[in-house]
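First up is the structure itself, then whatever we jot down about it.
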Amino acid sequence: RAKAEGRRCYHFYTSEMDAALQERMELDQAMRQALERNEFHLVYQPRVDLVSGCVLSLEALVRWRHPQWGMISPGRFIPLAEETGFILALGPRILRQACEQIRAWKARGIPTVPVAVNLSAREFQQPDIIERILAALNNTGLDACDLEIEITESAAMSSVEQTIRILTDLNGHGVRVSIDDFGTAYSSLNYLKRLPVHAIKIDQSFVSDMKVDPANHPEDAAIIRAIIGLGETLGMKVIAEGIENTVQRDFLLDHGCLQGQGYLFSRPVPAEAVEQLLVNAKTPDTGNT
Ligand code: C2E
Ligand code: MG
Ligand code: MG
Ligand code: MG
């Protein structure tokens with residue numbers, strides 16, 4: 001009886017696995033088609049000075065609008081793309097699209113700020129990643145300071161010596177790199193101090209608990225304070241992610257975090273909308289701060 005039950009369980013299990021596998025395969029195939037059909041586009045979220053509200057830079061975030069399924073979030077397809085290697089086809093398109101957008105803004109005299117592009121671990125580990133980034137800049141006639149790169153803490157720490165080499169190289173070329181989702185992996189502080197990193201981004205999971213009363217979340221508050229202290233000690237800027245209200249902003253400001261992103265300031269928006277923001281809103285260059 002136990003055996004029969006076991007077998008039934010096993011059966012149930014495999015058909016569930018089949019369904020999951022089937023879905024992944026479907027998604028994978030749809031992604032490959034989507035690239036040809038130009039279903040991917042970028043939206044941009046401002047990073048602001050928490051005191052003045054000035055837009056300091058933009059983060060480019062990929063969006064996929066499938067003709068039947070509608071919007072598919074990067075949280076669903078980027079990890080799969082990373083696993084299957086499809087990211088190696090998609091990543092360069094994202095980089096090029098971001099660079100072309102900056103060039104278009106510049107050509108029209110829009111006051112631009114640097115644009116940060118997320119690189120997945122797999123892209124970052126490509127042996128020719130430096131050449132690719134420099135080529136993307138070259139092909140669009142941009143300066144190194146027009147583009148920034150974000151890599152996650154776990155990607156940065158997965159092969160540290162290589163990361164140090166790549167970041168040092170990028171830094172030498174004038175391309176700034178930030179460490180994304182900071183606090184979610186286990187950074188060796190000993191390595192972190194050797195990374196020529198412009199900024200660390202406090203993962204939004206720590207910030208999201210500060211929404212109502214930071215005093216109710218002493219652990220998250222302590223982690224945030226520790227990251228801010230670390231940034232100060234190592235000479236890295238600290239950027240908070242996922243700021244949705246003024247309680248969170250004020251907590252961060254009180255503890256010395258001066259830059260951030262979040263729905264409080266702006267959701268990620270299409271290029272045309274961010275353009276309005278750049279023209280109207282205060283950017284450090286326009287002098288009307
Ligand atoms: P990330 O780079 O850490 O991006 C931050 C995510 O937080 C974005 O989600 C953004 O829309 C969201 N966000 C911003 N402000 C708020 C807020 O106030 N509240 C909340 N709840 N969320 C906020 P998104 O666009 O869904 O991207 C998710 C992740 O997918 C990114 O995390 C990044 O790891 C990855 N990703 C997105 N675009 C790209 C890309 O072009 N290339 C690569 N390799 N990865 C990407
Ligand atoms: Mg990011
Ligand atoms: Mg993040
Ligand atoms: Mg993230």
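From the list 132, 194, pick out the single residue that is open to solvent by 70 Å² or more (accessible area, probe 1.4 Å) and part of a loop (DSSP other than H, G, I, E, B).
Just a single option satisfies the conditions, and that option is 194.
Selection over region 244-263 of residues that are aliphatic (A, V, I, L, M) and within 16 Å of ligand 3 (Cβ to nearest atom) gives a count of 1.
Residues considered: 83, 100. Of these, the only one that is free of Cβ contacts under 8 Å to residues at least 24 places away in the same chain and surrounded by fewer than 16 Cβ atoms within 10 Å (Cβ to Cβ) is 83.
Quick check on my filter: what residues within region 115-140 are in contact with a Lys or Arg (Cβ under 9 Å, 6 or more places away or on another chain) and within 16 Å of ligand 2 (Cβ to nearest atom)?
Scanning region 115-140 gives 116, 123.
The residue list 179, 149, 166 contains one member that is out of contact with any Phe, Trp or Tyr (no Cβ under 6 Å at 6 or more places or on another chain), under 18 Å from residue 132 (Cα atoms) and within 16 Å of ligand 4 (Cβ to nearest atom), which is 149. In this structure, does residue 175 turn out to be touching a residue at least 24 places away in the same chain (Cβ under 8 Å), touching a helix residue (DSSP H, G or I) at 6+ places or on another chain (Cβ under 7 Å) and buried (at least 22 other Cβ atoms within 10 Å of the Cβ)? So residue 175 passes the test. Of all residues in region 207-232, exactly one satisfies the criterion of being within 15 Å of ligand 4 (Cβ to nearest atom) and open to solvent by 20 Å² or more (accessible area, probe 1.4 Å), namely 208.
The values are calculated or read from the model by the stated rules, or taken from the named source; none is laboratory data. For clarity, every value in this text was computed on a predicted model and none was experimentally measured. We place every Cβ from the backbone using ideal geometry, glycine too, and count neighbours over all the protein chains shown. Accessible surface areas use protein heavy atoms only, side chains included; no ligands, DNA or RNA. Shrake-Rupley method; radii C 1.70, N 1.55, O 1.52, S 1.80 Å.
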